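Below you'll find the structure, written out as structure tokens, and then a few comments.
The values are calculated or read from the model by the stated rules, or taken from the named source; none is laboratory data. Because the structure is a prediction, the values reported are computed rather than measured. Note that each Cβ is placed from the backbone with ideal geometry, even for glycine, and that neighbours are counted across all protein chains shown. In case anyone asks, the SASA skips ligands and DNA or RNA and just uses the protein heavy atoms, side chains included. Shrake-Rupley method; radii C 1.70, N 1.55, O 1.52, S 1.80 Å.
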Amino acid sequence: MEVRIEQSWKTALAAEFEKPYFAKLVETLHREKAQGTVIFPPGRLIFRAFDLTPVDQVKVVILGQDPYHGYGQAMGLSFSVPEGVPAPPSLKNIFKEISTDLGISMSGSPDLEPWAKQGVLMLNAILTVRSGDAGSHQGIGWQEFTDAVIRCISDRCEGVVFLLWGNFARSKKDLIDTSRHHVLEAAHPSPLARGAFFGCRHFSRANEILAAEGKTPINWQL
């Protein structure tokens, strides 16, 4: 099946694109679109996280659940929204933690693309959603695909830092070879977690690990 995605990922995930579940997934998306259903993010942005961060450049993985379901929010990177769109509550809390952890001020820019270009793969477990209907594409096959992505990173890369926030993300830990990679776990940054995310210091810890691995730390400041 012809899929438009960055070449290194296209090669690494070639077997997934040929599996029956993926054909069914694509068929579901085409059918819903033909019926007039609005799906986020737009088609050209579904694989944006992969296009910005090739396999061999992945240093950090931030795992989200599914895209934002409001107009103009989803852009293919977990937790990120385009410039000019108000930062959602979880992202505001991420910025608060970065400010406290690293002692830096954040501009409030909600577009996390600069992180992606430094090797931070911002991966949602589910890559599409129906407008206004959170979690609506949960059962169409995306999780099988993104589980394969996590396994692929675990098998092909070395010393990647996985940031798993909340029970859903933490449930993916079994897909990661922890003898080769680093897993940092915390509560979800959502306000529903009542501030339990604060104090995790994942941003400084990730950079300490990267430095110890001989890799360039991430400039988290936006």
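Could you tell me whether LEU13 is open to solvent by 20 Å² or more (accessible area, probe 1.4 Å) and closer than 29 Å to SER154 by Cβ?
No.
Exactly one condition in (1) over 22 Å from TRP9 (Cα atoms); (2) open to solvent by 60 Å² or more (accessible area, probe 1.4 Å); (3) touching a Lys or Arg at 6+ places or on another chain (Cβ under 7 Å) is false for ASP101; which is it?
For ASP101, the exception is condition (2).
Residues being surrounded by fewer than 20 Cβ atoms within 10 Å (Cβ to Cβ) and assigned to a loop (DSSP other than H, G, I, E, B): count how many of those fall in the range 80-98.
The number of residues fulfilling the criteria is 7.
Out of all the residues in the range 29-50, which are outside any loop (DSSP other than H, G, I, E, B) and surrounded by 15 or more Cβ atoms within 10 Å (Cβ to Cβ)?
Scanning the range 29-50 gives LEU29, GLU32, ILE39, PHE40, LEU45, ARG48, ALA49, PHE50.
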